[in-house]
């Protein structure tokens, strides 16, 4: 409802459509379709900046006013230690007494920054919010043994803290992008995934491991040289026994797409086309998976947002518009398609 209201306000006040065009929107609150997985309503929290400023500047404890706001949103899943920040994160730097912790590398600034929001703080937050933790393993600059040791440490801390069990571990983060420091070829990622997964499964056979997959490379939002070969390499019979779910970051729209810039009508259509694109990508991935394994696989959308790169005051309005449009649209996609809610977990 919020996205519809915001869209109407935006288009009416900015003349995105002419007076001759007629749009009819019907909202049926009594309509019931398919159940949505509880894990859908999640978010990401990063280790730098005191956990996205969740810790108080004065005492490094949870800021109660900010925590109260988060509680109102009732997140069901939290992903740690970040997106690109996870690719340079070494978990031992963020445990132990805070005054003795080793500063970690900030991915974007390349500077060493305090590791004040680490594994312990993350698990305590999940206990407070009663939400499912998901952890992204550093496959770019870390080692398989480092990852396995992290699993052992986390399992011990879960019992100590009393938070929900950490069942989901994502192996890497966007190694298919053209970021020199973290980039891996499909073959390199496949080899690393097998070594990381084997090391982790030796210490805990019950946890679920997620492999990185990409969309069909049809939107041009991000430069991805491997869009045609990545999935074919990763999704092989050789890997299938060590893959429990697939991780995809395909819900970034409208994105910095040149064809959309300055055209409000195209912008609107691109935002809401996201629903179809996500559904098409999921069907595509399910088809690939069925070709290599008879066991069902879950798909986790572990990052989704709106990317609008505009150097003008209207960028703020468009970002808000995209946010309230994409999130409900993604939910609508899961609700309306009979395949997705039954075989897909949104994290």
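Quick notes on this structure:
- Total residues in the range 285-318, condition in a helix (DSSP H, G or I) and either at pLDDT below 55 or exposed (fewer than 14 other Cβ atoms within 10 Å of the Cβ) (or both): 7
- Among the residues making up the range 103-144, those that are more than 30 Å from residue 187 (Cα to Cα) and assigned to a helix (DSSP H, G or I) are 119, 120, 121, 122, 123, 124, 125, 126, 127, 128, 129.
- Considering each residue of the range 187-205 in turn, at least one proves to be surrounded by fewer than 19 Cβ atoms within 10 Å (Cβ to Cβ), at pLDDT 90 or above and part of a loop (DSSP other than H, G, I, E, B).
- Residues satisfying the stated conditions in the range 65-121, i.e. on the phi > 0 side of the Ramachandran plot and out of contact with any strand residue (DSSP E or B) (no Cβ under 9 Å at 6 or more places or on another chain): 74, 96, 110
- In this structure, residue 272 does satisfy being more than 15 Å from residue 215 (Cα to Cα), assigned to a helix (DSSP H, G or I) and at pLDDT below 85.
Here is a yes/no grid of residues against (1) crowded, with 17+ Cβ neighbours inside 10 Å; (2) closer than 28 Å to residue 193 by Cα:
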site: 56; (1), (2): no, no
site: 66; (1), (2): no, no
site: 87; (1), (2): yes, yes
site: 102; (1), (2): no, yes
site: 116; (1), (2): yes, no
site: 124; (1), (2): no, no
site: 137; (1), (2): yes, yes
site: 140; (1), (2): yes, yes
site: 151; (1), (2): yes, yes
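The values are calculated or read from the model by the stated rules, or taken from the named source; none is laboratory data. On a predicted model such as this, the values are computed, not experimentally measured, just so you know. Methodologically, a virtual Cβ is constructed for each residue, glycine included, from the backbone with ideal geometry; neighbour enumeration extends over all protein chains shown.
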